[in-house]
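Worksheet: one structure, shown below.
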Amino acid sequence: MRRITAAIIAAFGFATTSDAAADVQFGTPAGFGAPFDVGALLTAARGANPTICAYAAQSVRNYGWGDRADAPYTPLSRAVPRADDESRSERLTPADEQLLLQSLGTDDACVRELSVRLVTRRKSEAVASALLTRLTAAEVPMREVAAYGLGLLRPKAAVEPLIRSLRDSENSVKANAAWALGRIEDGRALAPLLGLFGDGDVVVREAAVVAVGHMDSVRAVPALIRVLRQDESARVRRVAAWALGELESREAVEALGAALTGDRDTGVREMAAWALGEIEAPAGVAVLSRVVRSDTDDKVRETAAWALGQIEDRSAVEVLGTVLTSDASARVRGTAAWAIGQIIDEGPAPAGLIRALGDADEDVRLKAAWALGEAEDANALGAIRDAMKKEQSSEVRRALIRAMLQNGERSEAAFTELLQSSDPEVREAAVRGLAGRRSFGPWPWPQPRPRPFP
């Protein structure tokens, strides 16, 4: 590990011309989802030390089953032995720790970033103590990275020193200290964090609001409502809506509804809709029902549909049925179908849900079929049978078979026809049905934006 650490620190001359270059080369653009220069990334990667490249590659996220690097042969697997995160951490020696801690003082942003991430991977009291010492250093970058490292490490002993750092003269240190306190989640920090809601720096206010959202304290609700209503920054108002959703505060429903209909920023409106869904208060149904039909932004309408599904108030079914047949966005229509399935219990199925079986989008048809299964409305059987004759997608056909069973299909002729299908998944679903198994996949679960993170 000593050789790896030294190689990382020594070899960064190829890619450390500036902080901005470091951001590009290591996949950490300044704003979430912001574009970055792919050409610069590939140019910097060519000829790089394999160990450095392996660490950098970890920042490129690939989702799905299994680990993104557990394939038998990856381009780097012959050059760098594979090891899981825990074993890498265990291989840090005391000498490695010292080298990494010393490297926190370098003027190279890439080296500081790698050093703090590596040194905090093992929960060491010695590392925590060293970071606490650096929290009061004269150099701003040292204090900044120390607060960052303490947030990664999360030692309880850091709470009071980090609270003092909330009064630091540098905004970057204050913001990192607030972020770290949010990760530690100690109630002693609540009042000092609330005191930063009026700070002149947007990033500091945003970090403080996010930290408070992690504190799980209703004492913060009035202050968060004021931020949602009054802060000039959309970024800060958005995380205030998130925090109110995290706290599941019914006291905030009115303010969130006002933000949902009146805020000029789509990100704030979207998060307000999400928060109302998290709170699950029936008082939010009326405003969500208006917004799901009228907001100009697809993401806001989709999240409003999701929120109505979370609240599960039957009065929203008719509105969602209208959205299902009229909205221009397939994502909105699909989430509306899912929401109806969440709400409805033993029919009758709305006409819009039945018409959605013929939607041009496969995902909408899938969710509509699933929702009709949840409705258990025998009157929908004819429409489901007709859709089955036309449907080409095997996944949707399986959902239709499930809907047929849930809605009372018992015709031997219908299942005999399905058993003769050329699609093995359809035949399997039919066998399950004949065997009396009425409950099987697919189980659609939408993932509307925003995700429940600040």
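Mind checking the range 221-293 for trypsin sites (Lys or Arg not before Pro) that DSSP puts in a loop (not H, G, I, E or B) and that have at most 12 other Cβ atoms within 10 Å?
Those that pass, being in a loop and sparsely packed, are 264.
When a footprinting reagent is the concern and you count Cβ atoms within 10 Å, what order do 73, 148 take, fewest first?
In order of increasing Cβ crowding within 10 Å: 73, 148.
State, to one decimal in nm, how far the label point of residue 417 lies from the label point of residue 230, with both points 7 Å from Cα in the Cβ direction.
6.6 nm
Between residue 294 and residue 164, how high is the FRET efficiency from 1/(1 + (r/R0)^6) when r is the Cβ-Cβ distance and R₀ = 45 Å? Nearest 0.05.
Working from the Cβ atoms, E equals 0.40.
Evaluate the distance, in nm, between pseudo-label points positioned 7 Å from the Cα of residue 48 and of residue 386 along their respective Cα→Cβ axes.
5.8 nm
Straight distance only, please: which lysines reach the Cα of residue 123 with their own Cα at less than 16 Å, same-chain residues fewer than 8 apart left out?
156
Considering only the other residues whose Cβ falls under 14 Å of the Cβ of residue 362, what net charge follows from Lys and Arg at +1 and Asp and Glu at -1?
+2
Roughly speaking, what is the stretch gain from residue 219 to residue 139, that is 0.36 nm per residue apart minus the C-alpha to C-alpha distance, in nm to one decimal?
Taking residue 219 through residue 139 to full extension adds about 25.2 nm, to one decimal.
Enter the Cα centre distance for the pair the range 260-302 and the range 147-207, rounded to the nearest angstrom.
Their Cα centres are 30 Å away from one another.
Write out the GluC sites (Glu not before Pro) in the range 292-349 meeting two conditions: DSSP loop, and at most 16 other Cβ atoms within 10 Å of their Cβ.
Answer in residue order: 312, 346.
Laboratory data are not the source of any read-out in this text; all were calculated from the coordinates shown. Given the structure is predicted, the values throughout are model-derived calculations rather than measurements. Reconstructed Cβ throughout: ideal geometry from the backbone, glycine too, with neighbour counts over all protein chains shown.
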